[in-house]
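Chemist: Could you have a look at this structure, given as structure tokens, before my questions?
The values are calculated or read from the model by the stated rules, or taken from the named source; none is laboratory data. Bear in mind the structure is a predicted one, so any value in this text is a computation, not a measurement. As a convention, Cβ positions derive from the backbone with ideal geometry for all residues, glycine included, and neighbour counts pool all protein chains shown.
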Amino acid sequence: MAKIVELNMENEEELCEVAKALSSPVRIEILKLLYHEGLIINEIAKKLNIPASSAALHVKVLEKANLIRLEEQPGTRGSMKLCNRKRDFVNISLIARNYNINETASVEMPIGAFSECNVIPTCGLADEEKIIGMEDTEYCFYLPERIHAQIIWSSGGYLEYRFPNLVPKGRLPRKIILSMEICSEAPSYREDWKSDITVWINGLECGTWTSPGDFGARRGRLNPVTWESGNTQHGLLMTWEINQEGSYINEKKAEDRKISELEIMNQSSVTVRIGNKPEARYVGGFNLFGRKYGDYAQDIILNVEYC
């Protein structure tokens, strides 16, 4: 797997160290030698016909720039340091950051790519052609083919997803927006079946929306022909937004929870849980729709706006 370092105008110290390391033809030759195998300093000196002391100084510069690594190994006369290449590519961006313009990291997660679940019959999953496994059977939610699910339903419990945190180090998240097509879950369907559906991000509650029903009176715009009428057909497109002022559901304030409380930059993933609280007034389950079911051609989309 290629080992890549990304540098830009914000990494001034690191950029200067890498530039210094690459400014010497001798150090370039050392990197060439280390492309195929690890070498000790005396071997590098011999291959380049330079003093061992000079080779050691060049190696020190390359190590400080994080382009090679040194590993101590026992030798016949004490320990020796083995030099190994640490990077394959150095990508440098010379575009300065505009602090007046926010950037966005976006991930669309397949609804079947949940990392944890707690489901209650009636429950199940289906792809474009068939039910995955059997209905009302919890173990089917752990089948490998669940990743292909395009509709998931449960009468309670939750699904949890782990999104990669794509916000670069040193940046400040300003807003997180979660979007999905979702509705309640009743046997077959029921248009007036309420459900209090809650979203948690990184373990913190970020707002509860009361779904008005489980919609099946008309077919979903995207549903495959294999999906029978008489079942849930579509949901509503709902958006949870957490910013510096609080948490909002479809632009209506739902909680005082602020994005700073989510500690986005303290971990490499963003955990999103969707489901019913056991003590909710309406534990009416949930249906989640993928991009090939319902009315909206999308899975679960997470956007993080940062500066």
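Chemist: Before we move on, is residue 198 of a type in the set (Ser, Thr, Tyr) and either assigned to a loop (DSSP other than H, G, I, E, B) or buried (at least 22 other Cβ atoms within 10 Å of the Cβ) (or both)? Talk me through it step by step, then tell me what you get.
Modeler: Working: of a type in the set (Ser, Thr, Tyr): yes; either assigned to a loop (DSSP other than H, G, I, E, B) or buried (at least 22 other Cβ atoms within 10 Å of the Cβ) (or both): no.
Against the criterion (of a type in the set (Ser, Thr, Tyr) and either assigned to a loop (DSSP other than H, G, I, E, B) or buried (at least 22 other Cβ atoms within 10 Å of the Cβ) (or both)), residue 198 does not qualify.
Chemist: Also, quick follow-up: Pairs needed: first member in region 22-42, over 17 Å from residue 90 (Cβ atoms) and free of Cβ contacts under 8 Å to residues at least 60 places away in the same chain; second member anywhere, of a type in the set (Val, Ile, Thr) and part of a loop (DSSP other than H, G, I, E, B); C-beta distance under 9 Å; at least 6 residues apart or different chains.
Modeler: Sorted first by the residue in region 22-42, then by its partner, the pairs are 26/50.
Chemist: Next question, about the same structure. For residue 186, all conditions in the list (1) over 21 Å from residue 237 (Cα atoms); (2) surrounded by 20 or more Cβ atoms within 10 Å (Cβ to Cβ) hold save one; what is the number of the exception?
Modeler: (1)
Chemist: Taking residue 9 and the conditions (1) crowded, with 17+ Cβ neighbours inside 10 Å; (2) outside any helix (DSSP H, G or I), which numbered condition does it fall short on, given that it satisfies the others?
Modeler: (1)
Chemist: What are the pairs with Cβ atoms under 6 angstrom where one residue, in region 120-143, is touching a residue at least 40 places away in the same chain (Cβ under 8 Å) and exposed (fewer than 14 other Cβ atoms within 10 Å of the Cβ) and the other, located anywhere, is in a loop (DSSP other than H, G, I, E, B) and of a type in the set (Phe, Trp, Tyr)? Sequence gap at least six, or different chains.
Modeler: none
Chemist: On to the next question. Take region 57-83 and flag every residue that is of a type in the set (Gly, Ala, Ser) and more than 41 Å from the chain's Cα centre (by Cα).
Modeler: Of all residues in region 57-83, those of a type in the set (Gly, Ala, Ser) come to 65, 75, 78-79.
Correct list: 75, 78, 79.
Chemist: Follow-up question, since we're still on this one. Can you name every residue in region 191-208 that is closer than 13 Å to residue 153 by Cβ and either without any contact (Cβ under 8 Å) to a residue 60 or more places away in the chain or over 26 Å from the mean Cα position of the chain (by Cα) (or both)?
Modeler: Going residue by residue through region 191-208, those that are closer than 13 Å to residue 153 by Cβ are 193, 195, 197.
193, 195 - these are the residues of region 191-208 that are closer than 13 Å to residue 153 by Cβ and either without any contact (Cβ under 8 Å) to a residue 60 or more places away in the chain or over 26 Å from the mean Cα position of the chain (by Cα) (or both).
Let's see how each residue does on (1) outside any loop (DSSP other than H, G, I, E, B); (2) buried (at least 17 other Cβ atoms within 10 Å of the Cβ); (3) touching a helix residue (DSSP H, G or I) at 6+ places or on another chain (Cβ under 8 Å):
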{"site": "163", "(1), (2), (3)": "yes, yes, no"}
{"site": "166", "(1), (2), (3)": "no, no, no"}
{"site": "177", "(1), (2), (3)": "yes, yes, no"}
{"site": "265", "(1), (2), (3)": "yes, no, no"}
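Chemist: List every residue pair whose Cβ atoms lie under 7 Å apart, where the two residues are 6 or more positions apart in sequence or sit on different chains, the first residue falls within region 87-107 and is in contact (Cβ under 8 Å) with a residue 24 or more places away in the chain and not assigned by TED's automatic domain parsing to the domain that holds residue 302, and the second residue, located anywhere, is among the charged types (D, E, K, R) and in a loop (DSSP other than H, G, I, E, B).
Modeler: 87/3; 88/3; 97/10
Chemist: Pick from 246, 275: which is farther than 19 Å from residue 103 by Cα, small (Gly, Ala, Ser), in the same structural domain as residue 136 (by TED's automatic domain parsing) and in contact (Cβ under 8 Å) with a residue 24 or more places away in the chain? Spell out how you get there, then give the answer.
Modeler: Working: 246 fails: in contact (Cβ under 8 Å) with a residue 24 or more places away in the chain.
None of the others qualify; the one that does is 275.
Chemist: Additional query: Considering each residue of region 33-55, count those that are small (Gly, Ala, Ser) and within 18 Å of residue 86 (Cα to Cα), and give that number.
Modeler: Looking only at region 33-55, we keep the residues that are small (Gly, Ala, Ser), and these are 38, 45, 52-55.
If we keep only those that are within 18 Å of residue 86 (Cα to Cα) as well, we get 38, 55.
Summing the residues that are small (Gly, Ala, Ser) and within 18 Å of residue 86 (Cα to Cα) in region 33-55 gives 2.
Chemist: Can you tell which of 49, 84, 66 is assigned by TED's automatic domain parsing to the domain that holds residue 24 and free of Cβ contacts under 8 Å to residues at least 12 places away in the same chain?
Modeler: Numbers: 84 fails: free of Cβ contacts under 8 Å to residues at least 12 places away in the same chain; 66 fails: free of Cβ contacts under 8 Å to residues at least 12 places away in the same chain.
49 is the lone residue from the list that is assigned by TED's automatic domain parsing to the domain that holds residue 24 and free of Cβ contacts under 8 Å to residues at least 12 places away in the same chain.
Chemist: Is it the case that some residue within region 86-94 is assigned to a loop (DSSP other than H, G, I, E, B) and polar (S, T, N, Q)?
Modeler: Initially, region 86-94 is screened for residues assigned to a loop (DSSP other than H, G, I, E, B), giving 86-88, 93-94.
From the residues that got through so far, the ones that are polar (S, T, N, Q) too are 93.
Yes: region 86-94 contains one or more residues that are assigned to a loop (DSSP other than H, G, I, E, B) and polar (S, T, N, Q).
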